[in-house]
1. If LEU178 meets every condition in (1) closer than 30 Å to GLU49 by Cα; (2) modelled with pLDDT of 70 or more; (3) exposed (fewer than 12 other Cβ atoms within 10 Å of the Cβ) apart from one, which number is that one?
2. Suppose we filter the range 1-19 for residues that are touching a helix residue (DSSP H, G or I) at 6+ places or on another chain (Cβ under 7 Å) and open to solvent by less than 60 Å² (accessible area, probe 1.4 Å); how many remain?
3. Does ALA145 meet the test of being among the hydrophobic types (A, V, I, L, M, F, W, C), outside any loop (DSSP other than H, G, I, E, B) and at pLDDT below 90?
4. Quick one: how many residues across the range 107-117 are touching a residue at least 40 places away in the same chain (Cβ under 8 Å) and under 16 Å from GLU69 (Cβ atoms)?
5. Sort through ASP126, ASP76 and tell me the only one that's over 22 Å from GLU63 (Cα atoms), open to solvent by 70 Å² or more (accessible area, probe 1.4 Å) and modelled with pLDDT of 85 or more.
6. For ASP22, which of the numbered conditions (1) of a type in the set (D, E, K, R); (2) part of a helix (DSSP H, G or I); (3) out of contact with any helix residue (DSSP H, G or I) (no Cβ under 9 Å at 6 or more places or on another chain); (4) at pLDDT 90 or above fails to hold?
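The values are calculated or read from the model by the stated rules, or taken from the named source; none is laboratory data. All of these numbers come straight from a predicted model, not from anything done at the bench. Cβ: placed from backbone, ideal geometry, glycine included. Neighbour counts: every protein chain shown. Heads up: the accessible areas ignore ligands, DNA and RNA and are worked out on the full protein's heavy atoms, side chains in. Shrake-Rupley method; radii C 1.70, N 1.55, O 1.52, S 1.80 Å.
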Amino acid sequence: EVMQSELYGPLGHAKYAEYVDDILNSGRHLLALIDDVLDMSKIEAGRMELEIGPVDIERILREGLRFLEPQTRERDISLTASFASLPAAWGDTRATKQIFINLLSNAVKFTQEGGSVSVTAQADLDAITVLIADTGVGIAKERIAKLGEPFEMVEDHLSKSKRGSGLGLALSKSLTEL
């Protein structure tokens, strides 16, 4: 990050800036994978502690959408949201945010350039329902049941180029159950 910001002066050749970006992106990706593995390990060991309290679902959804906006803009993916005046839910804010970001990230990751991702949320007397829909590649019916398992990934010609650990959906499922 220090080199990318050129805090101590210019890097010189433009190729160095490209290398710094690659190194920084790889480091962030690796850190995210390590965090997912550690969280999954904590859950499986029964050591994940939640801080239960009011959760502002609307704020979390807006933060998740802002987080993914650069990726959607870069790939010309339309990102729409429809929710307003959602009541607070009862749960763990960090876990809820992680679940939504994992689901939103998958929707964006597997949507082709020019596609769309939409987020809709509504409340009734008993629950808040959040629907994340995309125009992505889809999942074969026989593969859906396995997607909640750690390290399980859909392997087809359209998804082989996508980076991931196969932990995002498993972690989201485990956090939801927790």
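1. (3)
2. Here is the first cut: in the range 1-19, the ones touching a helix residue (DSSP H, G or I) at 6+ places or on another chain (Cβ under 7 Å) are 1, 3-4, 11.
Narrowing the set further to residues that are open to solvent by less than 60 Å² (accessible area, probe 1.4 Å) leaves 11.
So the answer is 1.
3. Numbers: among the hydrophobic types (A, V, I, L, M, F, W, C): yes; outside any loop (DSSP other than H, G, I, E, B): yes; at pLDDT below 90: yes.
So ALA145 passes the test.
4. Adding up the residues that qualify gives 3.
5. Details: ASP76 fails: over 22 Å from GLU63 (Cα atoms).
Only one candidate passes the filter, namely ASP126.
6. (4)
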